[in-house]
Amino acid sequence: MRMRVVVIGGSGHIGTYLIPRLVDAGHDVVAVSRGERQPYTPHAAWRQVEQVTADRTAEEADGSFGRRVAELDGDVVIDLICFTEASARHLAQALDGRVRQFLHCGTIWVHGPSTRVPTTEDRPRRPIAEYGRQKAAYLPWEQWRGTVTEDDARVTYDHIAHSPHCSMEKAARLLGHRPRHTALEAISEAVDRLVATGTIAAAT
């Protein structure tokens with residue numbers, strides 16, 4: 001069934017790959033973003049996407065963001081960039097009774113350091129207070145930290161120390177979804193791409 005899908009945070013990491021798939025599935029898609037960057041990878045599907053520019057922080061402050069999203073008349077709203085409970089409540093209240101489905105993207109970081117891997121949703125939660133900005137280290141830790149500032153090393157170590165490995169069993173059970181790549185395969189592909197684009201240099 002063709003639906004109108006509003007994706008908030010459409011040009012980020014998830015939106016870059018989700019929106020073309022929604023378009024290819026035959027849906028009408030509206031991408032809401034600050035309009036400050038392009039999707040990570042090009043795709044012809046983006047020519048069919050309605051782009052809406054919005055400053056979420058400012059519009060939530062004056063109370064207009066939820067109303068604005070509701071007025072886009074989506075059958076489905078997918079929120080990829082909600083970071084506070086107040087923000088979630090603001091949007092949920094505005095969409096109540098206005099959409100068929102509202103999907104809020106959470107984070108596995110709520111579990112904190114893994115005590116058992118893969119981590120499942122029934123595991124105790126020890127939330128991480130600060131999201132690491134550095135996503136990977138491509139040298140053994142002691143070698144890599146010598147190539148960056150101490151502040152970058154500290155932030156990256158915080159990310160590595162709190163990175164969980166979570167189970168996909170629920171997605172497989174409820175949605176029939178099984179990832180195309182294992183976690184290690186995904187990392188390998190990402191590193192290969194960074195090397196190919198010259199973002200990082202391969203060790204010799």
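The values are calculated or read from the model by the stated rules, or taken from the named source; none is laboratory data. Values in this document were obtained by computation on a predicted structure and should not be read as measured data. In this analysis, Cβ positions are derived from the backbone assuming ideal geometry, glycine residues included, and neighbour counts consider all displayed protein chains. Only protein heavy atoms, including side chains, enter the accessible area calculation; ligands, DNA and RNA are left aside. Shrake-Rupley method; radii C 1.70, N 1.55, O 1.52, S 1.80 Å.
Size of the chain: Rg and Dmax of its alpha carbons, in Å, are 19.1, 59. Applied to the range 59-67, the Karplus parametrisation 6.51 cos²θ - 1.76 cosθ + 1.60 on θ = phi - 60° returns per-residue 3J(HN,Hα) values of 6, 5, 4, 9, x, 9, 5, x, 4 Hz, with x for Gly and Pro.
In the full protein context, the range 1-58 carries 59 Å² of accessible surface per residue, based on a 1.4 Å probe and ignoring ligands, DNA and RNA. Of the GluC sites (Glu not before Pro) found in the range 1-96, the ones in coil according to DSSP and having at most 14 other Cβ atoms within 10 Å of their Cβ are Glu36, Glu71.
A cut-off of 5 Å between modelled amide H atoms, ignoring neighbours fewer than 5 places along the same chain, links Arg34 with Ala54.
Using Cα atoms only, what is the angle between the long axis of helix 183-196 and the major principal axis of the chain, expressed in degrees (0 to 90) to the nearest 10? Roughly 80 degrees, rounded to the nearest 10.
Which FRET efficiency value, to the nearest 0.05, is calculated for Arg2 and Val148 with the Förster distance at 35 angstrom and r the Cβ-Cβ distance? The calculated FRET efficiency here is 0.15. Against the chain, whose longest principal axis comes from its Cα atoms, helix 85-95 is set at around 30 degrees. Rounded to the nearest 10 degrees, the inclination of helix 13-24 to the longest alpha-carbon principal axis of the chain is 50 degrees. Rounded to the nearest 20 debye, the dipole size of the chain about its Cα centre is 520 debye, using +1 on the Cβ of Lys and Arg and -1 on the Cβ of Asp and Glu. Take the Cβ atoms of Val195 and Thr120, set R0 to 25 Å, and the FRET efficiency comes out at 0.15. Residue-wise HN-Hα couplings along the range 98-111, as the Karplus relation 6.51 cos²θ - 1.76 cosθ + 1.60 with θ = phi - 60° gives them from phi, are 9, 10, 7, 8, 10, 10, 10, 8, x, 8, 5, 5, 5, 7 Hz; Gly and Pro carry x.
Roughly how many percent of the accessible protein surface of the range 44-135 is carbon and sulfur, given a 1.4 Å probe and a whole-percent answer? Carbon and sulfur: 49 percent of the exposed surface of the range 44-135. Take the Cα of Arg100, step 7 Å along the line toward its Cβ, and report every residue of the range 46-84 whose backbone nitrogen sits under 16 Å from that point. Residues passing the 16 Å test: 73-78. Picking from Phe65, Ala25, Val7, whose Cα lies most toward the positive end of the charge dipole for the chain (charges on Cβ: Lys, Arg +1; Asp, Glu -1)? Ranked along the dipole, the leading option is Ala25. Extents of the range 23-85, largest first, come to 36, 25, 19 Å (Cα atoms, principal axes, whole angstrom).
Taking amide H positions as modeled 1.01 Å from N, with prolines and chain starts lacking one, no residue 5 or more places away or on another chain lies under 5 Å from Val99.
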